[in-house]
Structure formats: C-alpha cells, structure tokens
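Participant: Dropping a structure here in structure tokens format, bear with me for questions.
Taken together, the values in this text are just the output of simple stated rules run on the coordinates, not laboratory data. These numbers come from a predicted model, not from an experiment. Cβ atoms come from the backbone with ideal geometry, glycine included; neighbour counts cover every protein chain shown.
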Amino acid sequence: MLVADYQATAYTIRQLNQLTSYTVKIVASDNRKKESHATTQFKTVKFFLKFFKEIEYGTIAEYGSHNTGEMIKANDGGYIITGETGLMENGKESQAKVFIFKIDTAGSVEWRKYYNYSTYNIADLKVVSFMDGYVFGAGRDLVRVDNQGNEIWHRASASLQETIHGIGAGKSGEFYTVGKTGSADPDKEMSASICKYDANGNLIWNKKFTPTNWNEFTDVIVTQENQLIVLGGFDPRNKNRQDKINHNGEDDLDFWVLSLTTDGELIWDKSYHDPGYAFPYKIIQTREGNFVMAGFTMTQNTPLYLVMINASGDPLWTYFNEELPVKAKSVAESDDHSIIVTGIYQTPQDAFYSLVKFNKEGQKLWVQEHFEFNTILKPKSVIPVNDGGYIINCQKTIIYSNAFEYDKIYLFKTDENGYFN
C-alpha cells in the first residue's frame, strides 16, 4: 500500500488482518525536497465483535409478566431465545404466551413467534435443537417447531403438578425431559421425574425417583457415550411433612447427579453436600469427558456452587466462596477448556448481571458485572462463540413503574475477557 502527498501528522490504516505483523516505511519531504526516512513495525490485535442490544418482547401489556428463558445456537446460524410475555392484542391484555425469537449473529431480531401456552412463572423455558427444528418446554407443555418457529405438535402432561425443568436431545430421534411431580406416596412431597419421547411427541416411558421426601431434576444431557446424565437435588435429611412441622419448616437440599442408560436404568447416582439449600441449574460434559454442574446454595450470601466430576461421578474440584454471591444459571466450556458461568449477583436492593471465568482446574480467573439502577438483571444463558468471546441473554425487569423504561431482553456479546463495550 502506497500513500503519497499526505500532509497531516496522523494516518489511519484500515482493512488490516488480525494478529498480523506489519512494517511501515515513512518518507517525509520538506519544501526543499530534503527527505527523512523512518520505519516502524506493529502487530494487529485480535478482533472481537462486541455489542449490547436491547430486544423488545413485542407490544407488551403494562402490568404483564415478561420472562426470558434459555438461549441456544440456532440450526441455521444465529441464536434462538425462549421466554414468556404478556402482550396487548386488540387493545386488551392477552393471556401470557411463550415465545421463540430468532436472533442473527449481530444481535438483530430475524423473527418472533408466539404460542398460546404459559409456564405460569413456575419455571424458566428450556429449548433444545431437535432434528429440523426445536423442542421447548413450558411448564407442563411440550412444543416442537420447525426452523422457522412453525408449530409441528404440542403435548401437555395430564398432571397439573408436572413441571419441566430440562430437555435433552438423543442421538436416534428421541428426546428426554426432566422435572418434578407430586409424589404418589402420602409421606413424600415431590418425586423427580424423567420422560422419554419419540420424534412425534409420543411418550415412550416415564420414570420417577423418590429416594427422599423432596426430589427434583433440573437438567439432562445425552453424553458422548450415549448415556444420560441428570442433574437434580434431594433432601439429604429425608424429612417428612411432620418433621418439617416439628422443625418450623426448615429445609435442606443437596446437589444430585445420576447416570442412566437411554432406557432409564440407573448406572450410578451420587450426591454432593453443600452448606445450605441447593439450587442446581445446569450440567455440561467437557471435551475431556468430565462433567461440570453449576448452581448456587441458599446461605447468607447465596454463593455460586460449581463442581467438576469425572465420568464415575467422583468430584475433581469444587468452587464455593461466600464472597462471590452469584446465583449461577448457565455454564459452558470454551475452546481452551476454561469454564464460563453467568448468573445473578444478588444484593438486598438490586440484581446485577455477572460473568465469571474459571480455568479447567477450578481457579477463578476474572469476574465481570453490569449494574443498572432500579433494575433487576437476570442472565439466563452463556454461549462461547468462534472468536473466543461470549454471548449472553439477560432478562431486564424494572423494579418500579417507569413511563420511560420497561422490561426487555438484553443481549451482550463480549470479548475473551468479558467486556462488551
């Protein structure tokens, strides 16, 4: 590249390649044509797409409930975001509807689809890529849609007590849901349940696990070895209803992981004690074949609880720190085997967006946060992207009524260090 007859003292070189070394030769000439020569070298830095986008739910009802659910990579590029919102239709507030939004890689909305089902705010919506589209769970409803969000079928549990908390896609055209349901045993309150369905939504089997008084499943994945890993929680003290009355309703819950065959047969199950009431949310399999579970524990500060286990369920490391009060909602593995967690940094007045990175040995590397006054920010999912950064969807909820502000979905695209601006 040659630039001639340039008279300013600064010049911007554009359209350079990232992570590339360049040499620049500068020739300066005065009005007597006396020349001075200089050479400089530099290396370009890595380019990261970074943005912060606000996504509208639609024409929302002023006092409606608006919730953001899980986000996953879309089958045809970009991302799928689930959620639930109360809309205005024909000048009236409609019943809350679940939705799927398709987002491109730059954070712009490609399409919105709404469905006449509701979680009634009892669970975050979960979604999984499945064949030529997606399956998402909304409370007791299961819906399969194509890549454009058009509904293929809908199934609903016959039990009003059934709640879907997690969905996993199988390798042979089947999928699995996990959650909880009321126990048939009068001495026990809640059973953890897992169901297997075929591609048409027909139930293949339904199994319940009730080792203690209170049991629930929150996530399920199909492993590289075509087995099921299920995350949940149970009451380690196994208190019945009368025990709770005698102890003023005091509760306890431990993290719980089960390995099952695709027929639902138990291979192993193990529990992981925490000092408070466990809230397990997400489990992933790493490239090295281990598993990482994320959640938080209800103690004075509700700290993040992160555990890596091996293929047999034995703990490799545990991260628990009362000084990091992050309610983890999502966990993922980066290309460098590091672990990224997003969740809610809770204070007495507000809730921050928080992003925390760990190395694969469980050592915390950094924490990034975003705060807005009079606002609750609830991150729901984090996804590593090809440039080494991350994309996070977040529920923005206004604490007090404000004519100039209202609930939205936030979308953050960060660099490798969690910065989005």
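Participant: Be a star and scan the stretch 337-366 for residues whose amide nitrogen sits under 15 Å from the point 7 Å along the Cα-to-Cβ vector of residue 287.
Facilitator: 337-340, 359-361
Participant: Cα to Cα, under 29 Å, and not fewer than 8 places away if on the same chain: which lysines meet these conditions relative to residue 33?
Facilitator: Counting by Cα, and skipping residues close in sequence, residue 33 has these lysines nearby: 25.
Participant: What longest range of the chain stays clear of loop-exposed trypsin sites (Lys or Arg not before Pro) (DSSP non-H/G/I/E/B, at most 12 other C-beta within 10 angstrom)?
Facilitator: Details: sites that count: 14, 32, 33, 34, 46, 171, 287.
Within the chain, the longest run free of exposed trypsin sites (Lys or Arg not before Pro) spans 288-421.
Participant: Cross-link partners among lysines for residue 46, C-alpha distance below 19 Å, same-chain residues fewer than 8 apart left out?
Facilitator: 413
Participant: May I ask you to derive the relative contact order of the chain, considering only C-alpha pairs under 8 Å and at least 6 residues apart, and to give it as an integer percent? The partial results should precede the final answer.
Facilitator: Working: 1084 pairs, mean separation 41.8, N = 421.
In percent, rounded to a whole number, it is 10.
Participant: In the stretch 45-126, which chymotrypsin sites (Phe, Trp or Tyr not before Pro) are in a loop and have at most 11 other Cβ atoms within 10 Å, using DSSP for the loop call? Mind showing how you got there, number by number?
Facilitator: Details: sites: 47, 48, 51, 52, 57, 63, 79, 99, 101, 111, 114, 115, 117, 120; in loops: 47, 48, 57, 63, 117, 120.
Here the chymotrypsin sites (Phe, Trp or Tyr not before Pro) that fit, given the DSSP loop and packing criteria, are 63.
Participant: Between rounded, prolate and oblate, where does the stretch 320-380 land on the alpha carbon gyration tensor, with a ≥ b ≥ c its root eigenvalues, rounded for a/c under 1.5, else prolate if a/b exceeds b/c?
Facilitator: Details: a/c = 2.65, a/b = 1.92, b/c = 1.38.
Cα axes put the stretch 320-380 in the prolate bin.
Participant: At a Förster distance of 30 Å, what's the computed FRET efficiency of residue 347 paired with residue 405, Cβ-Cβ distance as r, to 0.05?
Facilitator: Values: r = 19 Å, r/R0 = 0.64.
Once rounded, the FRET efficiency stands at 0.95.
Participant: Can you list the GluC sites (Glu not before Pro) in the stretch 16-110 that are in a DSSP coil and have 11 or fewer other beta carbons within 10 angstrom?
Facilitator: Numbers: sites: 35, 54, 56, 62, 70, 84, 89, 93, 110; in loops: 56, 62.
Answer by residue number: 62.
Participant: Using the Kirkwood radius over C-alpha pairs as Rh, can you work out the diffusion coefficient of the stretch 104-239 via Stokes-Einstein at 25 °C, viscosity 0.890 mPa s, in µm² per second?
Facilitator: Numbers: Rh = 15.8 Å.
Answer, rounded: 156 µm²/s.
Participant: Let me ask something additional. For the pairs 171/396; 113/171; 97/408, note any where the Cα-Cα span goes beyond 24 Å.
Facilitator: Details: 171/396 36 Å; 113/171 27 Å; 97/408 15 Å.
Over 24 Å apart, Cα to Cα: 171/396; 113/171.
Participant: How large is the convex hull of the C-alpha atoms of the chain per residue, in Å³?
Facilitator: Details: hull volume 82.7 nm³, N = 421.
Per residue, the Cα convex hull of the chain comes to 197 Å³.
Participant: Tell me the chymotrypsin sites (Phe, Trp or Tyr not before Pro) within the stretch 319-361 that lie in a loop according to DSSP and have at most 15 other beta-carbon atoms within 10 Å. Don't skip to the end; give the middle numbers.
Facilitator: Working: sites: 319, 320, 345, 352, 353, 358; in loops: none.
The qualifying sites: there are none.
Participant: Could you work out how far the C-alpha centroid of the stretch 70-93 sits from that of the stretch 155-215, in angstrom?
Facilitator: 25
Participant: Further question on the same structure: With label points built 7 Å along Cα→Cβ from the Cα atoms of residue 65 and residue 109, find their separation and express it in nm.
Facilitator: Inter-label distance under the simple model: 2.1 nm.
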